[in-house]
Amino acid sequence: MAFVDDLGAALDKTPGGGIILTSLDAVMDWSRGKSLWMMPMGTACCAMELIAASFSRFDFDRHGSIPRPDPRHCDVMVVAGTITRKMAPAVKRLYDQMPDPKWVIAMGNCAVSGGIFYYDTYSVIRGVDEFLPVDVYIAGCPPRPESLQDAILRLREQVSTDSIAPGKSRALKSELPSSGSPRKGERDAAGGDVG
Amino acid sequence: MTEETIVNIGPSHPSTHGVCRIVVTLDGEVVVKAEPIIGHLHRGIEKMAENRTYLQVVPLTDRLDYVGSMYANWAYCRAVERLAGIRVPERAEYIRVIVCELQRIASHMMGIGSTGADTGAFTAFMYAFAQRDHVVELFEALCGSRLTYNYVRPGGVSMDLPDGWVEQVRSFVAQHPAAMMELDTLLFGNVIARARLKGVGVLPADTAVAWGTSGPTARGSGVNWDLRRDDPYSVYPRFDFEVPLGENGDCYDRARIRLWECVESCKIIDQALDQLEPGPVKAEGLPRLLAPRPGDAYDHIESARGSLGVYLVSDGSPRPYRMKVRSPAFCNLSVLPLLAEGHTLSDLVVIIGSLDPVFGEVDR
């Protein structure tokens, strides 16, 4: 992000730079929002709907949302499925490998809160927001592909009001004091057994 | 012999078909040893079942094999019915057979399609998934859900067939065999796919039996074993169908007999729809809270992956004392180190795909 950082510093010195900054924001938001490449973090049942979403019937490619298996290509991580204590360190690591700006969609009840596996089990993380900053939550067990479509469009709205000015961006997650909420899950994720 | 390299595949890798980590020892590009590390999707379903009533366990079984939820529903319900001595009405048995054969098609479409994707024929995946989408829509009309059905319940099924559903199934079944022939030409007639699949990952018949594999994995090696015919359950003895068998036990045979099984499933569905009579779909006089007498019961069915069994122990309370799932995907995955040895890393991906594991069921 060195380019954007330098740009922000240069624009602050320009008299009346606000106008230029606003229009540059618009350009950046437009280009970011129209090609949200997905990192499909599909672990369980929701992954089937994630696959269905990118296939010919629902065809997410037309939204510019192409699933890429490499985290370094991706803008938005779609966490689809149950995240267990054993899996959480891998999810966190993949999230850290994604370049800024980045977003997270929690797809399905398991990723939102643990869902059906909230009670009586010892191995499931109760919601991916225990260790990742989630932007959009999708309820459902599993949600329909249309719900995922809605989430992508809502995320696009969110992206389209973002700013690239230093300290103002909501998408530059690595500038936050800590990724995600410092709750119990993070300790579990960091100290979990990778197997 | 060069210096050996250790490569980690997974737990997040598109070709592992889920969340499996495989530690591969490589000599150049040749696999010396492949060690699957499972448990990344261990959700403790068997333990959770001990804190749920018998009816509340059914939604948990949906999430075992999420590519074919109806099978785990049915296997669990059969175990409960055996434990509590429940007689299931005939119409419910027919409906169960119909939905499970449709589920076999949906599940095999995923298996064949991903074989296509693994061998570089992504178009075949699209064709297969279009067929799967039809089935999923039929299920949605039936019970309101696309993946986790919670449809088969102890004593029958949750509700009767909706209006016009039988006709929709008939029209699906009528077009499906032709679509399979097209897919056969498209995928298995393709020179590249044949070169990638033939002779790769050969599983001899005696090894297949010794390692407890079942379903298309064992039948691809020529093991003539299908619970629907060899340990008949439900109303399967009334249907006339073939059990497709492979000859060589390689990835090609394992993948291709799935395709023929879909055609056979169509035959079964057709016959079941012909024989379907009106009647109740749930056993009468069932208590809301089942509390079977102390004892244990095991029952198994032929799922899309093989023999899926559920073992239940009751201590007389309304909750199972213990539930154990005999998972075919777990047993089939156990032969992976044998099959992968001596093949290249790119063939390893094809071999995993041909075993068609579902990690919800492997890890439980």
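Its Cα centre serving as origin, the range B:100-236 has a Cβ charge dipole (Lys and Arg +1, Asp and Glu -1) of approximately 380 debye.
Once you have a ≥ b ≥ c as the square roots of the Cα gyration tensor eigenvalues for the range B:169-312, tell me rounded if a/c is under 1.5, and otherwise prolate or oblate according to whether a/b is larger than b/c.
oblate
The range B:181-196 and the range B:19-45 have Cα centres separated by 28 Å. Amide H contacts for residue B:37 (H built 1.01 Å from N in the peptide plane; partners 5 or more residues away or on another chain; cut-off under 5 Å): B:21, B:22, B:23. Percent of C-alpha pairs per 10 Å bin in the range B:20-119, short distances first: 12, 29, 30, 18, 8, 2. Summed over qualifying helices (DSSP H, 4 residues or more, each -39500 (n - 2.57)) and divided by its residue number, chain B shows a 222 nm mean residue ellipticity of -14000 deg cm²/dmol. Using 0.36 nm per residue and subtracting the Cα-Cα separation, the extra length available between residue B:165 and residue B:195 on full extension is 6.6 nm. The alpha carbons of the protein assembly as shown occupy a box of 86, 60, 45 Å along the principal axes, longest dimension given first.
Phi angles of the range A:118-133 translate, via the Karplus equation with coefficients 6.51, -1.76, 1.60 and θ = phi - 60°, into HN-Hα couplings of 6, 9, 6, 10, 10, 10, 9, 6, 8, x, 6, 6, 5, 9, 10, x Hz per residue; Gly and Pro are given as x. Restricted to Cα atoms, the range B:130-208 shows a radius of gyration and a Dmax of 18.5, 49 angstrom. Since only B:5, B:235, B:172 are under comparison, the one whose Cα sits farthest along the positive direction of the charge dipole of chain B, derived from C-beta charges on Lys, Arg, Asp and Glu, is B:235. Averaged over the residues of A:72-81, the number of partner chain Cβ atoms lying within 10 Å of the residue Cβ comes to 1. Within the protein assembly as shown, antiparallel bridges make up roughly 70 percent of the DSSP beta bridges whose residues both belong there.
Shielding value for B:352-362 is 1, the average number of Cβ atoms from other chains within 10 Å of each residue's Cβ. Each Lys and Arg contributes +1 and each Asp and Glu -1, all at the Cβ; summed about the Cα centre of the protein assembly as shown, the dipole is approximately 1160 debye.
Per residue of peptide B:214-225, the mean number of Cβ atoms on other chains within 10 Å of the residue Cβ is 0.
By the Cα gyration tensor, the range B:111-165 has an equivalent ellipsoid whose semi-axes, rounded to whole angstrom, run 30, 12, 7 from largest to smallest. Taking the Cα centre of the range B:297-364 as reference, the dipole from Cβ charges on Lys and Arg (+1) and Asp and Glu (-1) amounts to some 340 debye.
List the trypsin sites (Lys or Arg not before Pro) in the range B:1-79 that DSSP assigns to loop (not H, G, I, E or B) and whose Cβ has at most 14 other Cβ atoms within 10 Å. Which are they? Counting only loop positions with at most 14 other Cβ atoms within 10 Å, none of the trypsin sites (Lys or Arg not before Pro) in the range B:1-79 qualifies. Note on the range B:300-350: Cα-only Rg and Dmax are 17.0, 54 Å. Across the range B:294-304, rounded Karplus estimates of 3J(HN,Hα) from the backbone phi angles (6.51 cos²θ - 1.76 cosθ + 1.60, θ = phi - 60°) give x, x, 9, 8, 10, 9, 9, 9, 8, 8, 5 Hz, Gly and Pro being marked x. Treat the range B:53-201 as a sphere of radius equal to its Kirkwood radius over Cα pairs and apply Stokes-Einstein at 37 °C in a medium of 0.692 mPa s; give the translational diffusion coefficient in µm²/s, rounded to a whole number. After rounding, the answer is 197 µm²/s. Applying the criteria of a DSSP loop state and at most 16 other Cβ atoms within 10 Å to the trypsin sites (Lys or Arg not before Pro) of the range B:214-303 yields B:288.
Annotation: amide H-H contacts under 5 Å for residue B:153 (H modelled 1.01 Å from N, sequence separation of 5 or more, or interchain): B:158.
All of the numbers you see were taken from the coordinates with simple rules; none came from a lab. These figures come from a predicted structure and were not determined experimentally. As a convention, Cβ positions derive from the backbone with ideal geometry for all residues, glycine included, and neighbour counts pool all protein chains shown.
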